[in-house]
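Enquirer: Okay, handing you the structure first.
The values are calculated or read from the model by the stated rules, or taken from the named source; none is laboratory data. Bear in mind the structure is a predicted one, so any value in this text is a computation, not a measurement. Here Cβ is always computed from backbone atoms with ideal geometry, including for glycine, and neighbour counts include all displayed protein chains.
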Amino acid sequence: MSDDVQRCFENARGRAERATTTRSDLVELSKTYFKRAVELERSMSLWTGTIRGVGSLRDRLEKAEARVAQCERLVTGWREMTASRQTDGLPAVLDGELLTVFEADLRVAMTEKERAQKALRQGLRSIFLGARRRWPNDDQELDDWLASAEGKTATVFEPAPLPPSRRAARGEDA
């Protein structure tokens, strides 16, 4: 009978040890899943909240480039007209002032184009972060990734907007 008691005691102790080990394994596993959930939430916030869609950023850049081209044509045309008026001996006082205004407008358009390029680049870097879970090491790595099938696929679709309940929870207008 003492053998039975001893065997039961050893079985109970072995199961208790396995339960402790299993419990610690489960704690570690749950920590891992929680960490992944946090990373996924951050990734999703990048896609839906922090960045605007790549398409809208590309549209912004396209509009900025069109505005720069328009301003460059205007400045070039105005310079040519001013030069031709000066060679004809006509007064160019007003022409010079308007040229200054057009050149200032061109500088503003070029600044907006640079901002649009920077925003698009940052949006693409954020998509890289969401897909690879790290920032690209340099622009070359980002460009190579964008040229790959994975990068092309990641930038094809627009992020879905957050549902109104999520926007309200974040303090945004629903």
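Enquirer: Tally up the residues in the stretch 133-149 that are surrounded by 10 or more Cβ atoms within 10 Å (Cβ to Cβ), among the acidic types (Asp, Glu) and under 16 Å from the mean Cα position of the chain (by Cα), please.
Expert: Residues flagged as surrounded by 10 or more Cβ atoms within 10 Å (Cβ to Cβ), among the acidic types (Asp, Glu) and under 16 Å from the mean Cα position of the chain (by Cα) within the stretch 133-149 amount to 3.
Enquirer: Those residues that are modelled with pLDDT of 85 or more and assigned to a helix (DSSP H, G or I), I need them from the stretch 130-149; list them, please.
Expert: Let us first name the residues in the stretch 130-149 that are modelled with pLDDT of 85 or more, namely 132-149.
Correct list: 132, 139, 140, 141, 142, 143, 144, 145, 146, 147, 149.
Enquirer: Kindly evaluate residue 115 against the criterion of being part of a helix (DSSP H, G or I), modelled with pLDDT under 80 and under 22 Å from the mean Cα position of the chain (by Cα).
Expert: Values: part of a helix (DSSP H, G or I): yes; modelled with pLDDT under 80: no; under 22 Å from the mean Cα position of the chain (by Cα): yes.
No; evaluated as a whole, the condition is false for this residue.
Enquirer: Could you list, in sequence order, all residues of the stretch 99-124 that are surrounded by 15 or more Cβ atoms within 10 Å (Cβ to Cβ) and either of a type in the set (S, T, N, Q) or over 28 Å from residue 59 (Cα atoms) (or both)?
Expert: Matches in the stretch 99-124: 99, 117.
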